[in-house]
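The values are calculated or read from the model by the stated rules, or taken from the named source; none is laboratory data. What you see is a predicted model, and the numbers here were worked out from it, not measured in a lab. Every residue, glycine as well, gets a Cβ built from its backbone with ideal geometry; the counts of neighbours run over all protein chains shown.
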Amino acid sequence: MRIGILGTSDVAFRRFLPSLMKCEGAEYAGVASRTPEKAVPFQENFGGTIYEGYDALIEDPSIDAVYVPLPPALHYLWGRKVLLAGKHLLMEKPFAAGTEEANELLNLAQQQGKIVHENYMFLYHDQLREIHKMIQDGTLGEIRLYRMSFGFPKRSRNDFRYDKSLGGGAILDCGGYPVRLALDLLGETAELVQSSIGYIEDFDVEMYGSAVLVNENGTTAQISYGMDNAYQCELEIWGGKATLRTDRIFTAGSDYVPKLNLKTSSEEYTVTLREDDQFLHSIEQFLQKINTGENTDLETIRKQAELVDAMRKGNRL
């Protein structure tokens, strides 16, 4: 399965390509850039062809699938071109800048008979599988509350995250992570019941916020996010028997050793897990869907887009 990349993003260079090179059944075809000199480090480190312009890569008949790590506002335009060209689509999160665009891409994928995948890679880390086991086997008891947060300090002013025309804003960037985790833990019946959005002076995109989601059983998830915050990347699960906490739930690198802290009324202990490559497993999941010909998570992608759109209507802080 020959995979090409649209754009010379940092995440493609640092995270996606090292994992792709380890993936059985996948071959790196090359990277497209409107300024080809930016693609030279890609070729020097990983090989592949440098395509001058995105259309040139999409039109290459030897490419089977395309990874799109562009700013959110460009996801619909280039995702649509990828699908119309008869290629499978691995879309960096968020799948689209809004529910309407997401639905159009998902419907087009079905019409074209092509596979799509949204790259919330933390879902495929062994850490989350172990947490699900602890929930299911009763280690934590009945779940009373989920809390999850993802935020980081302000970056350079010219970062696309602060550009409204490129789909900037904390909700689409870091806010989508805790929403997707809440959806994974609460299930498809999760609904948004409260959202608050914060702005700071001289920025026209939301910079931080919080929200509450509840499922049909009444289980609650409290989420928080921000792009002008001290760094946090946490999940806390408060159960009837124990509380679980981990502090790298979204961004565990392939060499990171996760540690789950568990605390009961009588003891506190740490469960050390193994290293894992969540980017690699996300790519493997994409390939598995291609091999089976089944878009297994279309409704989940739709639901994610709906929840994120609902958050945008929250109270302004």
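Filtering segment 80-112 to residues that are touching a residue at least 40 places away in the same chain (Cβ under 8 Å) and outside any helix (DSSP H, G or I) leaves His88, Leu90, Glu92, Lys93, Pro94, Phe95, Ala96, Ala97, Gly98. All of Phe42, Phe13, Phe95 fail the test of being within 16 Å of the chain's Cα centre (by Cα) and at pLDDT 95 or above, apart from Phe95. Residues of segment 1-46 that are acidic (Asp, Glu) and either surrounded by 21 or more Cβ atoms within 10 Å (Cβ to Cβ) or part of a strand (DSSP E or B) (or both): Glu27 alone. Filtered by the rule that a residue be surrounded by 21 or more Cβ atoms within 10 Å (Cβ to Cβ) and of a type in the set (Ser, Thr, Tyr), segment 267-313 gives a lone residue, Ser282. Being of a type in the set (D, E, K, R), in a helix (DSSP H, G or I) and not assigned by TED's automatic domain parsing to the domain that holds Glu101: is that true of Lys133 here? Yes: the conditions hold for Lys133. Identification of strands (runs of 3 or more DSSP E) wholly contained in segment 214-306 with 2 or more residues that are assigned by TED's automatic domain parsing to the domain that holds Tyr177, in contact (Cβ under 8 Å) with a residue 60 or more places away in the chain and within 26 Å of Ala12 (Cα to Cα) yields 220-226, 232-239. Exactly one residue out of Ala12, Ala26 is in contact (Cβ under 8 Å) with a residue 24 or more places away in the chain, under 20 Å from Asp159 (Cβ atoms) and of a type outside the set (Val, Ile, Thr), and it is Ala12.
No other residue among Leu84, Leu57, Leu77 is in the same structural domain as Glu104 (by TED's automatic domain parsing), closer than 23 Å to Glu284 by Cβ and not aromatic (Phe, Trp, Tyr) apart from Leu57. Counting only residues that are touching a Ser or Thr at 6+ places or on another chain (Cβ under 8 Å), over 27 Å from Phe160 (Cβ atoms) and aliphatic (A, V, I, L, M), segment 214-234 holds 1 of them.
Against the list (1) in a loop (DSSP other than H, G, I, E, B); (2) farther than 22 Å from Phe122 by Cβ; (3) modelled with pLDDT of 95 or more, the condition Gly169 fails is (2).
Of the residues contained in segment 254-270, none is found to be of a type in the set (Ser, Thr, Tyr) and under 17 Å from Arg180 (Cβ atoms). Check segment 125-143 and report whether any residue there is at pLDDT 95 or above, within 19 Å of Ala12 (Cα to Cα) and not hydroxyl-bearing (Ser, Thr, Tyr). Yes, some residue in segment 125-143 is at pLDDT 95 or above, within 19 Å of Ala12 (Cα to Cα) and not hydroxyl-bearing (Ser, Thr, Tyr). Annotation note: of Arg144, Arg157, Arg161, the sole residue that is of a type in the set (D, E, K, R), on the phi < 0 side of the Ramachandran plot and in contact with a strand residue (DSSP E or B) (Cβ under 8 Å, 6 or more places away or on another chain) is Arg144. The residue that is farthest from Leu145 (Cα to Cα), among those in segment 177-213 that are part of a strand (DSSP E or B) and among the aliphatic types (A, V, I, L, M), is Ile197.
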